[in-house]
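Trainee: Let me give you the structure first, and then I'll get to my questions.
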Amino acid sequence: MISQLFGAVMLIYLLVAICFLVAELWASPRLQDVGRAMLWLGLGVHTAALIGRWVDNYQVAALHTPAAGLGATLRLIVLHAPLANFYESLIFFAWCLPALGLLAFRRHLRGYLGALIALLSTLLLAYASFGVDSRIKPLMPALKSNWLLVHVVTAFLGYAAFALAFGSAILYLIQERRPRPSLPSLPVLDGLIYRTTVLGFLLLTLGIITGAVWAETAWGRYWSWDPKETWSLITWFIYAALLHARLLKGWHGRRIAWLAVLGFMAVLFTYFGVSFLLSGMHSYLT
Amino acid sequence: MSATRIHAKPKSRLWKTLTSIRLTVFVLLILAAVAVIGTVVPQGQPLNLYLKLYGQGWGELLWGGGFTHVYFSPWFLMPLGLLTLNVCACIVHGLPQAVKRSFRQLSGEAALSLPERGRVTWPADVDPHAAITTVWRRELGPGRRETLGGQEIYLKEQGRFRPLGPYLIHIALLLILAGGVIGKFWGVEGQVALDQGGVASTFHTGPKTTKPLHFQVRLDKFQVAYYGPGSMPKEFRSDLTFLKNGQQVSRATCRVNEPVNFGGLTFYQASYGSEATGPVILKMLQGKQSEDLELPLWRPVELPGGWGKMIAMRVDGNFQGYGPAVLLAYKPSQGKPQVFWALKNHPEFGEQAGLRFLVESIPFAYYSVLQVRRDPGVWWVYTGFLMFLPGLYLAFFRPTERWALVLTKTAQGKWEAR
């Protein structure tokens, strides 16, 4: 039932992407509005589906470990947020993109930029539905921590913000070569890259910090050079370099756009590459 | 920039390099690149693994060059040290200025030198004070008022402490690094392995080195629970008792994510296992015949009737939630050797090449491995983490704004505001 709902969300995002593309090519403001309305609808259904998954998770968990009292019930609810395996991380990542996009881009989330974000979410959902084990599994001991929720939420919101920066950077590079008056102007895109990068940097920092505090309580080490940790640090270094170059060296435009692209490659590797190519303590994701 | 005015004396080239942002970006990218090596080359493994993976030449090069523990090698520590110097130099260079700027309130005099945005004039008979106050309140919120030589100045400033943001972030970074160094030099880390019922008064800090605990710790019971047969583990749990001079002082339960503190040390559930405490007893069934077998661990036993050889290799107290099990290697007199698990509570699985093996008894005891640690650097690191948050907020989400409205009476007796 819930997985069908995610299928529906995937279709809505696909339609949003098509709608934004057509609206851009035909220069139709009305279709842009339709696209945005559908994006809001998709996000609403997506949110409902995530909550549904959470309820399912909770019910399965309550069968194994019946909770006694309000405190225990609350803890069980917090522990079973749909953020505990690869499938759930994909559907949450797919949610973060449009949610953060609407928040950070506001009226700029339309046209090519909107289509790119919607398409990314569609792909993530498609991969989650067709390529990944979606069964609800009980929580392994290492994940039984209140840090799970805040660590995963901050990390993935951070990834999503960097994805938005990447989208703006790609659009910047295209716009620079073949300007289109209907697309956001170069200074606007440059501003969007910067704003989303700052947001992502804050969230990634929070993700690393919460991860370190969690690792300290779970393994007795706040940092153990696990590949996931190391790659998140590499990503952090790249974006730190970007921010320093921009704020103190006055870098703008193309060079910052390329750095944002490079940074997002590191993000993708941190998320997918580390899970599939390298082994480590985050291997329960696969 | 005003910073150059303060350091009017010619700066040395070294100082310029140390405070340069070019160095920062360069070192950050170097660190990223070296860290990549550390995730591609397996870290902290024995030499022969590298020789096997990369061949003689490359393996020895990686080993000798420190790439097998790259985060503790000069390749990483040197740029990290350089980054630390860079950060320190930048703090020394700019912090006094930033502090001075942050604690200097926007004064009337300073307001007069702000760039002019517009000018309004009222007719001579209108007193604009009331109108200005309302509009000011509506647009900018509460502000201050000053009088300076016949001019009335309305002032409002926001984000005055913004210049401190980057310094908070960088001091936080130094605290985290300091915490790491403190942990490295003044921290203790080791492991203690305890059999069920066993008592330890030392722990291992290396393969051959031990340290005294100054107290004793006893493993009363270890339990591993599964969500169900064949499902995931649900809980690893060590029930511990701490003793001083043989006297019981306190009891605690140590689980993953729930470490236990005692005597200045923290105990983490790290690993566990089961050990055979005697020979495994099997019943071998062939048709209606049955024979009892006694299998001590790792000793090949000839099966009666010329059926071949059997070795018990490992016991598990709760194999994937199916209960006690023994890993058997069976080499029939003809045919390929087999390795399989025989489960005590599930006799239906014990069939191999026309023979059935039933487990009669598996004498075993659990042992639990606890990570033992004391790290005085953790609080430095956590302080750094906490400082990061206001630092990032000030630096990125608190833009500095300065507003001033200067109200003057002109020679004609009109009020003019700018």
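The values are calculated or read from the model by the stated rules, or taken from the named source; none is laboratory data. Keep in mind that what you see is a predicted model, and the values were worked out from it rather than measured. Here the Cβ is made from the backbone with ideal geometry for all residues, glycine too, and neighbour counts use every protein chain on show. These area figures cover heavy atoms from the full protein model, side chains too; ligands, DNA and RNA do not enter into them. Shrake-Rupley method; radii C 1.70, N 1.55, O 1.52, S 1.80 Å.
Trainee: Which condition number in (1) within 14 Å of another protein chain (Cβ to nearest Cβ); (2) part of a helix (DSSP H, G or I); (3) in contact (Cβ under 8 Å) with a residue 60 or more places away in the chain is the one that A:Leu14 fails?
Mentor: (1)
Trainee: Now for a different question. So which pairs qualify, if the first residue must be in segment B:234-255 and free of Cβ contacts under 8 Å to residues at least 12 places away in the same chain, the second must be open to solvent by 60 Å² or more (accessible area, probe 1.4 Å), the Cβ gap must be under 8 Å, and the two must be at least 6 apart or on different chains?
Mentor: Note: pairs meeting the criteria are B:Lys234/A:His64.
Trainee: Now for a different question. Specify which of the listed residues (B:Ser102, B:Ser107) is open to solvent by 30 Å² or more (accessible area, probe 1.4 Å) and away from every other protein chain (no Cβ under 14 Å). Don't jump to the end; show me each part of the working.
Mentor: Numbers: B:Ser102 fails: open to solvent by 30 Å² or more (accessible area, probe 1.4 Å).
Going through B:Ser102, B:Ser107 in turn, the sole match is B:Ser107.
Trainee: Find the residue count for segment A:96-118, including only residues that are buried (at least 20 other Cβ atoms within 10 Å of the Cβ) and farther than 18 Å from A:Val153 by Cα.
Mentor: Qualifying residue count, segment A:96-118: 11.
Trainee: For A:Ser232, indicate whether it is closer than 19 Å to B:Phe388 by Cβ and either crowded, with 22+ Cβ neighbours inside 10 Å or more than 9 Å from every other protein chain (Cβ to nearest Cβ) (or both). Show your work before the answer.
Mentor: Working: closer than 19 Å to B:Phe388 by Cβ: yes; either crowded, with 22+ Cβ neighbours inside 10 Å or more than 9 Å from every other protein chain (Cβ to nearest Cβ) (or both): yes.
Criteria met by A:Ser232.
Trainee: Then there is this: For A:Leu50, are the conditions met, namely being open to solvent by 70 Å² or more (accessible area, probe 1.4 Å), under 30 Å from A:Ala142 (Cβ atoms) and in a helix (DSSP H, G or I)? Before the answer, list the steps.
Mentor: On the way: open to solvent by 70 Å² or more (accessible area, probe 1.4 Å): no; under 30 Å from A:Ala142 (Cβ atoms): yes; in a helix (DSSP H, G or I): yes.
Spelling it out, it is not the case that A:Leu50 is open to solvent by 70 Å² or more (accessible area, probe 1.4 Å), under 30 Å from A:Ala142 (Cβ atoms) and in a helix (DSSP H, G or I).
Trainee: Go over the candidates A:Phe166, A:Phe162, A:Phe201 one by one and state the one that is within 12 Å of another protein chain (Cβ to nearest Cβ), within 14 Å of the chain's Cα centre (by Cα) and more than 25 Å from B:Arg374 (Cα to Cα). Give the derivation first.
Mentor: Working: A:Phe166 fails: within 12 Å of another protein chain (Cβ to nearest Cβ); A:Phe162 fails: within 12 Å of another protein chain (Cβ to nearest Cβ).
One residue alone meets the criteria, A:Phe201.
Trainee: What are the pairs, 6+ residues apart or on separate chains, where a residue within segment B:322-341 that is more than 21 Å from B:Ser231 (Cβ to Cβ) has its Cβ under 6 Å from a residue that is open to solvent by 30 Å² or more (accessible area, probe 1.4 Å) and of a type in the set (A, V, I, L, M)?
Mentor: So the pair list comes out as B:Ala329/B:Ile311; B:Ala329/B:Met313; B:Ala329/B:Val339; B:Pro332/B:Ala353.
Trainee: OK, next. Give segment B:65-95 a look and list any residue that's part of a helix (DSSP H, G or I) and without any contact (Cβ under 8 Å) to a residue 12 or more places away in the chain, or say none. Steps first, answer last, please.
Mentor: Restricting attention to segment B:65-95, the residues satisfying the condition of being part of a helix (DSSP H, G or I) are B:67-72, B:74-95.
Residues satisfying the conditions are B:Phe72, B:Pro74, B:Leu77, B:Met78, B:Gly81, B:Val92.
Trainee: Looking only at segment A:132-155, which residues are open to solvent by 50 Å² or more (accessible area, probe 1.4 Å) and under 19 Å from A:Gln4 (Cβ atoms)?
Mentor: Within segment A:132-155, A:Asp133, A:Arg135, A:Ile136 qualify.
Trainee: Any idea which of (1) more than 8 Å from chain B (Cβ to nearest Cβ); (2) part of a helix (DSSP H, G or I) is the one A:His252 doesn't satisfy?
Mentor: Going through (1) more than 8 Å from chain B (Cβ to nearest Cβ); (2) part of a helix (DSSP H, G or I) one by one, A:His252 breaks only (2).
Trainee: Could you check, for segment A:268-277, whether at least one of its residues is open to solvent by less than 20 Å² (accessible area, probe 1.4 Å), facing chain B (nearest Cβ under 8 Å), among the β-branched types (Val, Ile, Thr) and under 30 Å from B:Val372 (Cβ atoms)?
Mentor: Within segment A:268-277, one or more residues are open to solvent by less than 20 Å² (accessible area, probe 1.4 Å), facing chain B (nearest Cβ under 8 Å), among the β-branched types (Val, Ile, Thr) and under 30 Å from B:Val372 (Cβ atoms).
Trainee: Going through segment B:368-389 one residue at a time, which ones are in a helix (DSSP H, G or I), more than 8 Å from every other protein chain (Cβ to nearest Cβ) and either over 30 Å from A:Ala240 (Cα atoms) or open to solvent by less than 60 Å² (accessible area, probe 1.4 Å) (or both)?
Mentor: If the condition is that a residue be in a helix (DSSP H, G or I), more than 8 Å from every other protein chain (Cβ to nearest Cβ) and either over 30 Å from A:Ala240 (Cα atoms) or open to solvent by less than 60 Å² (accessible area, probe 1.4 Å) (or both), then B:Gly384, B:Met387 are the ones that fit.
Trainee: Restricting attention to segment A:175-188, and to residues there that are part of a helix (DSSP H, G or I) and in contact (Cβ under 8 Å) with a residue 60 or more places away in the chain, which single residue is nearest to the other protein chains (Cβ to nearest Cβ)? Can you show your working first?
Mentor: Keep residues of segment A:175-188 that are part of a helix (DSSP H, G or I), which gives A:175-177, A:186-188.
From what's left, in contact (Cβ under 8 Å) with a residue 60 or more places away in the chain: A:176, A:186, A:188.
Values: A:Glu176: 22, A:Leu186: 22, A:Val188: 18 Å.
If we take residues in segment A:175-188 being part of a helix (DSSP H, G or I) and in contact (Cβ under 8 Å) with a residue 60 or more places away in the chain, then A:Val188 is nearest to the other protein chains (Cβ to nearest Cβ).
Trainee: Among the residues of segment B:236-255 satisfying the criterion of being open to solvent by less than 60 Å² (accessible area, probe 1.4 Å) and hydrophobic (A, V, I, L, M, F, W, C), which is nearest to the other protein chains (Cβ to nearest Cβ)?
Mentor: B:Phe236
Trainee: Quick one: in segment A:207-229, which of the residues that are more than 8 Å from every other protein chain (Cβ to nearest Cβ) and either of a type in the set (A, V, I, L, M) or touching a strand residue (DSSP E or B) at 6+ places or on another chain (Cβ under 6 Å) (or both) is most open to solvent (accessible area, probe 1.4 Å)?
Mentor: A:Ile208
Trainee: Sticking with this one: Can you spot a residue in segment B:391-404 that is assigned to a strand (DSSP E or B), crowded, with 17+ Cβ neighbours inside 10 Å and touching a strand residue (DSSP E or B) at 6+ places or on another chain (Cβ under 9 Å)? Steps first, please.
Mentor: Initially, segment B:391-404 is screened for residues assigned to a strand (DSSP E or B), giving B:401-404.
From what's left, crowded, with 17+ Cβ neighbours inside 10 Å: B:403-404.
Then drop every residue that is not touching a strand residue (DSSP E or B) at 6+ places or on another chain (Cβ under 9 Å), which leaves B:403-404.
Yes, that holds for at least one residue.
Trainee: Take A:Phe86 and decide whether it is modelled with pLDDT under 90 and within 15 Å of the chain's Cα centre (by Cα). Can you show your working first?
Mentor: Numbers: modelled with pLDDT under 90: yes; within 15 Å of the chain's Cα centre (by Cα): yes.
Answer is yes for this residue.
Trainee: Something else: With the requirement that a residue be of a type in the set (A, V, I, L, M, F, W, C), touching a Phe, Trp or Tyr at 6+ places or on another chain (Cβ under 7 Å) and under 30 Å from B:Gly198 (Cα atoms), what does segment B:365-383 give you? Before you say what the answer is, go through the steps one by one.
Mentor: Here is the first cut: in segment B:365-383, the ones of a type in the set (A, V, I, L, M, F, W, C) are B:365, B:369-370, B:372, B:378-381.
Subset that is touching a Phe, Trp or Tyr at 6+ places or on another chain (Cβ under 7 Å): B:369-370, B:372, B:378, B:381.
Within segment B:365-383, B:Val369, B:Leu370, B:Val372 meet the criteria.
Trainee: A follow-up question, please. Scan segment B:183-235 residue by residue and report those that are open to solvent by 50 Å² or more (accessible area, probe 1.4 Å), within 13 Å of chain A (Cβ to nearest Cβ) and in contact with a Ser or Thr (Cβ under 9 Å, 6 or more places away or on another chain).
Mentor: B:Glu189, B:Gln191, B:Gln223
Trainee: Scan A:Thr235, A:Thr210, A:Thr205, A:Thr230 and give me the residue that is β-branched (Val, Ile, Thr), under 24 Å from A:Asn146 (Cα atoms) and in contact with a Leu (Cβ under 7 Å, 6 or more places away or on another chain). Walk me through how you get there before you give the answer.
Mentor: Numbers: A:Thr235 fails: under 24 Å from A:Asn146 (Cα atoms); A:Thr210 fails: in contact with a Leu (Cβ under 7 Å, 6 or more places away or on another chain); A:Thr230 fails: in contact with a Leu (Cβ under 7 Å, 6 or more places away or on another chain).
On inspection, the qualifying residue turns out to be A:Thr205.
Trainee: Hey, any hits in segment B:150-173 for a residue that's assigned to a loop (DSSP other than H, G, I, E, B), hydrophobic (A, V, I, L, M, F, W, C) and within 30 Å of B:Pro399 (Cβ to Cβ)?
Mentor: The first filter runs over segment B:150-173 and keeps only residues assigned to a loop (DSSP other than H, G, I, E, B), leaving B:150, B:159-163.
When the remaining residues are screened for being hydrophobic (A, V, I, L, M, F, W, C), the result is B:161.
With the extra rule that they be within 30 Å of B:Pro399 (Cβ to Cβ), the set shrinks to B:161.
Yes, there is a match, as at least one residue in segment B:150-173 is assigned to a loop (DSSP other than H, G, I, E, B), hydrophobic (A, V, I, L, M, F, W, C) and within 30 Å of B:Pro399 (Cβ to Cβ).
Trainee: Please work out which one of (1) under 43 Å from the mean Cα position of the chain (by Cα); (2) open to solvent by 40 Å² or more (accessible area, probe 1.4 Å) is the condition B:Leu164 fails and give its number.
Mentor: Of the numbered conditions (1) under 43 Å from the mean Cα position of the chain (by Cα); (2) open to solvent by 40 Å² or more (accessible area, probe 1.4 Å), the odd one out for B:Leu164 is (2).
Trainee: Might you let me know whether segment A:32-44 holds any residue that is in contact with a His (Cβ under 9 Å, 6 or more places away or on another chain), open to solvent by less than 20 Å² (accessible area, probe 1.4 Å), farther than 17 Å from A:Leu125 by Cβ and in contact (Cβ under 8 Å) with a residue 40 or more places away in the chain? So that I can check it myself, show each step before the final result.
Mentor: So in segment A:32-44, the residues in contact with a His (Cβ under 9 Å, 6 or more places away or on another chain) come out as none.
So far as segment A:32-44 goes, no, none of its residues is in contact with a His (Cβ under 9 Å, 6 or more places away or on another chain), open to solvent by less than 20 Å² (accessible area, probe 1.4 Å), farther than 17 Å from A:Leu125 by Cβ and in contact (Cβ under 8 Å) with a residue 40 or more places away in the chain.
Trainee: Any idea which residue in segment B:12-36 is most open to solvent (accessible area, probe 1.4 Å), counting only those that are of a type in the set (Gly, Ala, Ser) and more than 9 Å from every other protein chain (Cβ to nearest Cβ)?
Mentor: The residue in question is B:Ser12.
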